[in-house]
Amino acid sequence: MIELKDIYKIYSDGDSEIRALDGVNLHVKEKEFVSIIGQSGSGKSTAMNIIGCLDIPTSGTYLLNGEDVSKMGEYELSSIRSRTLGFIFQQYNLIPKLSVFENVELPLIYKRIEPKERRERVEHALEKVGLLDRMKKYPKQLSGGQQQRVSIARALAGDPKLILADEPTGALDSKTGIEVLEFIKQLNREDGTTIVLITHDNSIAYQADRVVKLQDGKIISDEVVAK
């Protein structure tokens, strides 16, 4: 599903250059659950931006479902994101003035999905994360864990083939973080959704089936997790 071939992302800093990604090769199959781990400056956020079609590499090839997205323009990247990808962020990115239902529905409005189908998708997604009875509430009326589950529902409603989770438990206490991580694992296990999780935390990374470690823009290890 994901194939990064000799990916470089280089930033110029005056007379020097910063290699955020330095010849990365990575293959993720459909239905895999893979974590990418690294400390600050390792290149994991840059990798997420490229995998998520939020940025393009300086050089190299990125194939997503066999389609070369590495040289696409912003309009084409936006289209790919809309029909293929779902995002879960550390800070939830919910709109305070919109209800739970409206927050989950908003991306579907941008995709011009008809109202009846939007309602069905939103209700199905909220039911899956156990928040159907909270759909008229507002973000400030929810706990942190519930807000993150709303963001998961928002990603699910778009019916993505790939979900990118960027430090999804980073703003949560450990107990709530475990619960949210279980939801993410369930999406992979029961629905077959491909998951790429970005983290700096070993205990989170090793909940995935495979752990890819980045350091100084390079992959230093890629291991299958024994269960």
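The values are calculated or read from the model by the stated rules, or taken from the named source; none is laboratory data. Worth saying up front: this structure is predicted, and the values here are computed from it rather than measured. Don't worry about glycine lacking a Cβ; one is built from the backbone with ideal geometry, like all the others, and counts go over all protein chains shown. Accessible surface is based on the protein model in full, side chains and every heavy atom, while ligands, DNA and RNA are left aside. Shrake-Rupley method; radii C 1.70, N 1.55, O 1.52, S 1.80 Å.
Picking from residues in segment 91-122 that are of a type in the set (A, V, I, L, M) and not in a helix (DSSP H, G or I), the one that is most open to solvent (accessible area, probe 1.4 Å) is ILE95.
From the residues in segment 186-227 that are open to solvent by 30 Å² or more (accessible area, probe 1.4 Å) and among the basic types (Lys, Arg), which one is farthest from GLU127 (Cα to Cα)? Ranking the candidates gives LYS218 first. For SER78, the stated conditions do not hold, so it cannot be described as closer than 27 Å to ILE204 by Cβ, under 19 Å from the mean Cα position of the chain (by Cα) and among the small types (Gly, Ala, Ser).
The set of residues in segment 22-37 being over 15 Å from the mean Cα position of the chain (by Cα) and open to solvent by 20 Å² or more (accessible area, probe 1.4 Å) consists of ASP22, GLY23, ASN25, HIS27, LYS29.
The set of residues in segment 78-88 being of a type in the set (A, V, I, L, M, F, W, C) and either exposed (fewer than 13 other Cβ atoms within 10 Å of the Cβ) or without any contact (Cβ under 8 Å) to a residue 40 or more places away in the chain (or both) consists of ILE80 alone.
Can you tell me how many residues within segment 182-227 are of a type in the set (A, V, I, L, M, F, W, C), in contact (Cβ under 8 Å) with a residue 60 or more places away in the chain and in a helix (DSSP H, G or I)? Qualifying residue count, segment 182-227: 3. When restricted to residues that are open to solvent by 50 Å² or more (accessible area, probe 1.4 Å) and of a type outside the set (Asp, Glu), segment 60-77 contains 4.
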